[in-house]
Amino acid sequence: MLRGQAREEDSVVLIDMASPEAGNGCSYGSTAQASEAGKQQVVPSRVGSSAKPPIDFVLVWEEDLRNQENPTKDKTDTHEVWRETFLENLCLAGLKIDQHDVQDEAAAVHYILLRAPWAVLCYYAEDLRLKLPLQELPNQASNWSATLLEWLGIPNILLEHVPDTPPEYYSCQFKASKLQWFLGSDNQDTFFTSTKRHQILFEILAKTPYGHEKKGLFGIDQLLAEGVFSAAFPLHDGPFSAVPESSQVLGLTQRQVLFQHWARWGKWNKYQPLDHVRRYFGEKVALYFAWLGFYTGWLLPAAVVGTVVFLVGCFLVFSDIPTQELCHSSDSFDMCPLCSDCSFWLLSSACTLAQAGRLFDHGGTVFFSLFMALWAVLLLEYWKRKNATLAYRWDCSDYEDIEERPRPQFAATAPMTALNPITGEDEPYFPEKNRVRRMLAGSVVLLMMVAVVIMCLVSVILYRAVMAIIVSRSDNAFLSAWASRIASLTGSVVNLVFILILSKVYVLLAQVLTRWEMHRTQTEFEDAFTLKVFIFQFVNFYASPVYLAFFKGRFVGYPGNYHTLFGIRNEECPAGGCLSELAQELLVIMVGKQIINNVQEVLVPKLKGCWQKFSRGKKAGTGTHPAPWEADYELLPCEGLFHEYLEMVLQFGFVTIFVAACPLAPLFALLNNWVEIRLDARKFVCEYRRPVAERAQDIGIWFHILTGLTHLAVISNAFLLAFSSDFLPRVYYSWTRAPDLHGFLNFTLARAPPTFTSAHNRTCRYRAFRDDDGHYSPTYWTLLAIRLAFVIVFEHVVFSIGRFLDLLVPDIPESVEIKVKREYYLAKQALAENEVTVGVTGG
């Protein structure tokens, strides 16, 4: 592959200034001389149409008129020069620019209204390889549940007619020389949809320089980061305000249709209008909501089965013989002290804890673990089919391989160019060896942050141990009996606070590292950023549950020879076992995080919106009916989908990895997601500025993360059932000693060694399979072999069934494969006919 030389000329710019409209003599002029409010700058008339182009993009900057002689005047002057240069280059790129100013005595808000003429749109549509429609097709949207209910003859309450259903199209990459082939080419005002216009304008804004681009002085993103502009956004399609149900629906705008039939809380039980979402927000946003709706629908059977398993546990609490023996043991079992200064205690005092543990630790959890493992496999298999269907219908199946272009930031800073082997075009290139070095350096930073998380986990462990000692010394009998649970609960809350703080810090750090790594496309950039953050968040959120599930109570020792950590005795599992404590931890982290996130998503946007309107009202009064760009400026900037995906994927991990400990996790996830869908929809429609529509062919690296979590869940649940649950010891006892489990409680308790007994002049019991000298008993080794065998059998059975289901369920539906082959055949036929026609004409 031949590589071009490094581009060092200062005059080289990323926008082809010789494009159509470049020679129109347009000059934006100085923005420092702001006209009075409402006055617009005169711009040349539109090329190719008598009508004025719509406003495609809005840039905003604010000016403080009170302190003209402030200490930051030099910085303000620099920003002014950058702004003027940037706007002049936009004008040279062919854009039409108007300025609308709103000011009072204290401040001025300047709105730069950008319009793209017809010739500019055609030029950049071809340069960006945008796909445009050739032929309209009937909408083929379908839903498997709707099809099933129709086949069964059951009324479908989820189905709702949504007006203005977007049609489907055969489409291909735009060529200006073949304009007449494309649908609607006779109408220049509507040929390019609003989302296509926004994509073209954003590409121009992202590449336009305002100085030496090798120094990073290019693009609207950098200008926003420097504070040169306050905002940059495309306009919404009018207000979202609802209209009466009886009104004429044909008059609704796209935004109003989405609000009426998607973003309202009353539509929680209706299908999402994904085609409408895709038309207004683009494929990337639509695929997120498609995944969220699909995942939520699959949570319903998991929640039902999990709730039944939990109810079975509730029933077993009052009929389980070992639990009844514990509660009625009175003073039969005198337990060894929980710390060096603690007193002896009676096992019967932990009756409530034992009953709570029985809610989550019974035979039904084995069935539920197997069910959830297969559920996760089927979920991902059927999502692949759903994704393939949507990608075909939305014409983005080959987006990443063929259509996606290098990121503007990458194109500006790449040191050389190279030939793209797929497209055959010369593109910016960054040596792979250099990128690998930078990624390795970033991995070191990631490991350091993981070390910080582990330090926080150790501090929480020490906190629990110290708190348990302090509370156990209380004179209050209730507090003394519940010392370990109080320490565990407060430790969970402290851990949640650590999690939320560290999450904010690392996300900012990961953004800097990913930009430094120089990834070619936006998809590669987002995948690299996502993987970094998820690895950290995985350790951050799951470190404490993993400790409780697999390490707590494993390295305690025995009376007279207890193991310590920094001089503090290692924690023991409570009388109900560590599984109940793990369930408590999961509920605190999972449900607590969900509640905090939902409260933030409801209150924070409203508070920010109120503050923004208040501060905007103080800076510049606009009258009773603000202009559309003023109304949209008062909305919040769209923060993207990363945090939304991260929240759902972490939830998926809680639902699958530790489901053996908490069968209610799918139910809480289902309830949260019902709220989450409408909450996110409302944010996008009502509270966010309109984002630039982005294309995507799938949910990116998130799918591979979900696949990894699914495999990890099988291993995790196998070890949970084998080593953290009493299931196998109960089965072993029922096979070898008593089928009715009478005497099982005494079977699980060891006696303190004689040295400890003589030192305290008192004998006591503790939970372990050890002999009187503190050594592991033969029963321990027998159970260890059974546990390891169970792990191997469980994993192989689940993975084998999962592999069989993978082979049984095709990744791409047969109907989609037939349509793809049909399109390929028609394309070859059309090419052959065109060659014959050209040959005859030439002859």
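The values are calculated or read from the model by the stated rules, or taken from the named source; none is laboratory data. Computed from a predicted structure; not experimentally measured. Please note: Cβ atoms are built from the backbone with ideal geometry, for glycine as well, and neighbour counts cover all protein chains shown. Please note that ligands, DNA and RNA were not included when accessible areas were found on the heavy atoms of the full protein model with its side chains. Shrake-Rupley method; radii C 1.70, N 1.55, O 1.52, S 1.80 Å.
Couple of notes before you dig in:
- Residue list for the range 712-740, restricted to those being in a loop (DSSP other than H, G, I, E, B) and open to solvent by 30 Å² or more (accessible area, probe 1.4 Å): ASP726, ARG737, PRO739, ASP740
- If only residues of the range 474-533 that are open to solvent by 20 Å² or more (accessible area, probe 1.4 Å) and polar (S, T, N, Q) are counted, the one that is nearest to GLU639 (Cα to Cα) is GLN511.
- Only listed residue being under 25 Å from GLN256 (Cα atoms), touching a residue at least 60 places away in the same chain (Cβ under 8 Å) and surrounded by fewer than 21 Cβ atoms within 10 Å (Cβ to Cβ), chosen from PHE281, PHE289, PHE294: PHE294
- Check on ALA414, open to solvent by less than 30 Å² (accessible area, probe 1.4 Å), closer than 18 Å to GLU585 by Cβ, touching a residue at least 60 places away in the same chain (Cβ under 8 Å) and more than 28 Å from the chain's Cα centre (by Cα): no
- Inclusion of TYR210 among residues that are over 28 Å from LEU252 (Cβ atoms), hydroxyl-bearing (Ser, Thr, Tyr) and at pLDDT below 85 is warranted.
- Check on ALA696, at pLDDT below 90, surrounded by fewer than 18 Cβ atoms within 10 Å (Cβ to Cβ) and more than 30 Å from PRO337 (Cβ to Cβ): no
- Contact map, the range 76-105: first residue more than 16 Å from ILE220 (Cβ to Cβ), second residue open to solvent by less than 30 Å² (accessible area, probe 1.4 Å) and in a helix (DSSP H, G or I), Cβ cut-off under 6 Å, separation 6 or more or different chains; pairs are GLY94/VAL120.
- Only one of the listed residues (TYR558, TYR542) is within 26 Å of LEU720 (Cβ to Cβ), open to solvent by 40 Å² or more (accessible area, probe 1.4 Å) and in the same structural domain as LEU670 (by the TED database). That residue is TYR558.
- Within the range 178-203, the set of residues being in contact with a helix residue (DSSP H, G or I) (Cβ under 9 Å, 6 or more places away or on another chain) and hydroxyl-bearing (Ser, Thr, Tyr) comprises SER185, THR193, SER194, THR195.
- Scan the range 541-583 for residues that are within 13 Å of PHE654 (Cβ to Cβ) and either part of a loop (DSSP other than H, G, I, E, B) or within 25 Å of the chain's Cα centre (by Cα) (or both) and the total you get is 7.
- Residues being over 17 Å from ASP773 (Cα atoms) and open to solvent by 70 Å² or more (accessible area, probe 1.4 Å) - total across the range 741-758: 2
- Evaluation of ILE705 against (1) open to solvent by less than 10 Å² (accessible area, probe 1.4 Å); (2) out of contact with any Gly (no Cβ under 6 Å at 6 or more places or on another chain); (3) more than 28 Å from GLN260 (Cα to Cα) (one fails), failing number: (1)
- Any chance LEU359 is assigned to a loop (DSSP other than H, G, I, E, B), in the same structural domain as THR307 (by the TED database) and at pLDDT below 85: no
- Tallying residues that are outside any loop (DSSP other than H, G, I, E, B) and touching a helix residue (DSSP H, G or I) at 6+ places or on another chain (Cβ under 7 Å) within the range 741-761 yields 3.
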